[in-house]
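Colleague: Structure below; questions to follow.
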Amino acid sequence: ESPKKIFSGIQPTGIPHIGNYLGALQQWVELQGEGHHVIYSIVDMHSITVPQDPDQLRQNIYDMTACLLACGIDPDKSILFQQSSVSQHAELAWVLGCKATMARLKHLPQWKVKSGPKEEGGVGLFTYPILQAADILLYKATHVPIGVDQVQHLQLAQDLATTFNYHYGQYFPQPTAILGDTKKVQSLRKPDSKMSKSEADPKSRIDLTDSPEVIREKLKKAVTDFTSAVTYDPDTRPGVSNLVRIHSACTGLSYEEICQQNEGIETAKYKFVVADAVITKLDPIRTEILRLQKDRSFLDDVLRDGARKARDFAEKTYSEVKKLVGF
Ligand code: ADP
Ligand code: NA
């Protein structure tokens, strides 16, 4: 098997929650160890497609850097950088955008959801899937770890690679998705919807910086149902099943093993078992985040080195693209 060229991005939207960790970041960490070229970007240019306070955004970029490092992203094994530090993302996005149609972009789910029925979103919100395509193609990535919600955006990147190659000659490889565990971690308050930063109630999610007391408190208040037993059946018992899923992800135990081990235990007591598993998993990460957040100059160094390495790839690709296009 030839080494993969892996690219993925995450928006600096604050401290990640356990859903982000189990659904994305943990896989990012694992992919580093297998001899692949791995490039991870904190995609700050994407985040300004919706309103951002500049000071908060700056803080969020540092926080996300600290969180990624604390989760195990190793700058010696992968390239970790801030998107806006590499100007070729915007330049390639322009070239690709000239090959994308309005009709194609209009049908992407993010636009439909975030701009509403009156299409009130900004042009950036409309075109950011093109910027995502540029993020991926700039590094000639062959594999892109994504959530199921991003499948259509990756298809756009694939189509733009094909269209570019059709017009200018075979150049970009086809990027393929690495779909991890497609089952989402659910909200602790509304177990029928996924855990998300966009849910107003902070008790709906466990953040990577939550203290053991806060984790216990949030899990204690997690919405379950009127059956007091530990079973796994996400359709009829989404609340308890979500706890089993989190428990499983934190311990490596299977759902069956968990249900067996906790047979006859009341749901209220089981919540403390889950809390212990989550605390064991997250506490080293939390301690490291808190340590790194205080070391801005180290975070600056990591981002500066990462940008330098990313730029080496990006400059090469974009200068070749310019020649192909006729610039
Ligand atoms: P949020 O909905 O909290 O804003 P993002 O949309 O920023 O999360 O997602 C960042 C990454 O985390 C994506 O790869 C996404 O698929 C993953 N992710 C987000 N929420 C969950 C969840 N509840 N369970 C599993 N993975 C998730
Ligand atoms: Na989201």
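Read-outs: derived from the displayed coordinates by stated rules, not from any lab. These numbers were taken from a predicted model, which means no experiment stands behind them. Here the Cβ positions follow ideal geometry from the backbone for every residue, glycine too, while neighbour counts run over all protein chains shown.
Colleague: Which value in Å is the Kirkwood Rh of the range 158-245 over different Cα pairs? Mind showing how you got there, number by number?
Modeller: On the way: mean 1/r = 0.0628 Å⁻¹.
This gives a value of 15.9 Å.
Colleague: At 7 Å along Cα-to-Cβ for each site, give me the label-to-label distance between R104 and S211 in nm.
Modeller: The modelled label-to-label distance comes out at 5.2 nm.
Colleague: Apply the Karplus curve 6.51 cos²θ - 1.76 cosθ + 1.60, θ = phi - 60°, to the phi angles in the range 217-224 and return the couplings in whole Hz, x for Gly and Pro.
Modeller: Along the range 217-224, the couplings run 4, 5, 6, 4, 8, 4, 6, 10 Hz.
Colleague: Check which residues have an amide H placed less than 5 Å from D233's amide H, if you skip close sequence neighbours.
Modeller: It is S241, by chain and number.
Colleague: Run a plain Debye calculation on the range 245-327 (Cα atoms as equal point scatterers, no solvent) and give log10 I(q)/I(0) at q = 0.16, 0.18, 0.24, 0.27 Å⁻¹, rounded to two decimals, same order as the q list.
Modeller: -0.76, -0.83, -1.08, -1.19
Colleague: Using 0.36 nm times the number of residues separating S87 and K190, minus their current alpha carbon distance, what extension gain do you get?
Modeller: Details: separation 103, 0.36 × 103 = 37.08 nm, distance 4.07 nm.
Roughly 33.0 nm would be gained on extension.
Colleague: Hey, another quick one. Under the 0.36 nm per residue contour assumption, what length would be gained going from the current alpha-carbon distance of Q56 and E256 to full extension? List each step's numbers first, then the result.
Modeller: Details: separation 200, 0.36 × 200 = 72.00 nm, distance 4.33 nm.
Taking 0.36 nm per residue and subtracting the Cα distance, the gain is 67.7 nm.
Colleague: Tell me, what ³J(HN,Hα) does each residue in the range 93-108 have, in order and in whole Hz, if you take phi through Karplus 6.51 cos²θ - 1.76 cosθ + 1.60 with θ = phi - 60° and put x for Gly and Pro?
Modeller: Those phi angles translate into 4, 4, 4, 5, x, 5, 10, 9, 9, 4, 4, 5, 5, 4, 8, 6 Hz.
Colleague: Counting only Cα, what are the radius of gyration and maximum Cα-Cα distance Dmax of the range 22-113, in Å?
Modeller: That works out to 15.8, 42 Å for Rg and Dmax.
Colleague: Ranked highest first by the average count of other Cβ atoms within 10 Å around their residues, in what order do 227-235, 139-147 fall?
Modeller: Values: 227-235: 15.1, 139-147: 20.3.
So the order, starting with the most tightly packed, is 139-147, 227-235.
Colleague: Here's a follow-up. Kindly state, to the nearest 0.05, the FRET efficiency for K294 paired with E320, given R0 = 56 Å and r defined as their beta-carbon distance.
Modeller: On the way: r = 42 Å, r/R0 = 0.75.
So the FRET efficiency works out to roughly 0.85.
Colleague: Oh, and also: With the alpha-carbon atoms as the only input, what is the per residue convex hull volume for the chain in Å³?
Modeller: Values: hull volume 48.0 nm³, N = 327.
Measuring per residue, one finds 147 Å³ for the Cα hull of the chain.
Colleague: Averaging over every viewing direction, what projected area does the convex hull of the Cα atoms of the range 202-291 cover, in nm²? Please report the intermediate quantities before stating the final value.
Modeller: Working: hull surface 22.3 nm².
So the mean shadow area of the Cα hull is 5.6 nm².
Colleague: Is there a pair in K5/K77; K184/K281; K118/K190 whose C-alpha atoms are over 22 Å apart, and which pairs would that be?
Modeller: Going by Cα-Cα distance, K118/K190 fall outside the 22 Å limit.
Colleague: Wrap a convex hull around the Cα atoms of the range 93-150, take a quarter of its surface area, and give that in square nanometres.
Modeller: On the way: hull surface 17.6 nm².
Value for the range 93-150: 4.4 nm².
Colleague: Still on this structure, I have one more. Amide H of Q186 versus every other amide H placed in the peptide plane: which residues, excluding those fewer than 5 positions away on the same chain, fall under 5 Å?
Modeller: Amide H neighbours of Q186: M195.
Colleague: Something else now. Considering all alpha-carbon pairs of the range 92-216, what whole percent are spaced by more than 18 angstrom?
Modeller: Values: 4826 of 7750 pairs.
Here the long-distance tail beyond 18 Å is 62 percent of all Cα pairs in the range 92-216.
Colleague: Report for the chain the percent antiparallel among DSSP-assigned beta bridges with both residues inside it, nearest 5.
Modeller: On the way: 2 of 17 bridges.
The antiparallel proportion sits near 10 percent.
Colleague: If you don't mind, there's one more thing I want to ask. If the limit is 20 Å between Cα atoms, which of K221/K271; K183/K221; K4/K322 go over it? If you can, show how the numbers build up before the last one.
Modeller: Working: K221/K271 9 Å; K183/K221 22 Å; K4/K322 25 Å.
Distance filter (> 20 Å) returns K183/K221; K4/K322.
Colleague: Moving on to the next point. With the contact rule set at Cα under 8 Å and sequence spacing of 6 or more, what percent relative contact order holds for the chain?
Modeller: Working: 493 pairs, mean separation 70.3, N = 327.
Here the relative contact order equals 21 percent.
Colleague: Whole-Hz Karplus ³J(HN,Hα) for the range 24-41, in order, using 6.51 cos²θ - 1.76 cosθ + 1.60 and θ = phi - 60°, x for Gly and Pro?
Modeller: For the range 24-41, the Karplus-derived couplings read 9, 5, 4, 5, 4, 5, 5, 5, 5, x, 10, x, 8, 7, 10, 10, 10, 10 Hz, x marking Gly and Pro.
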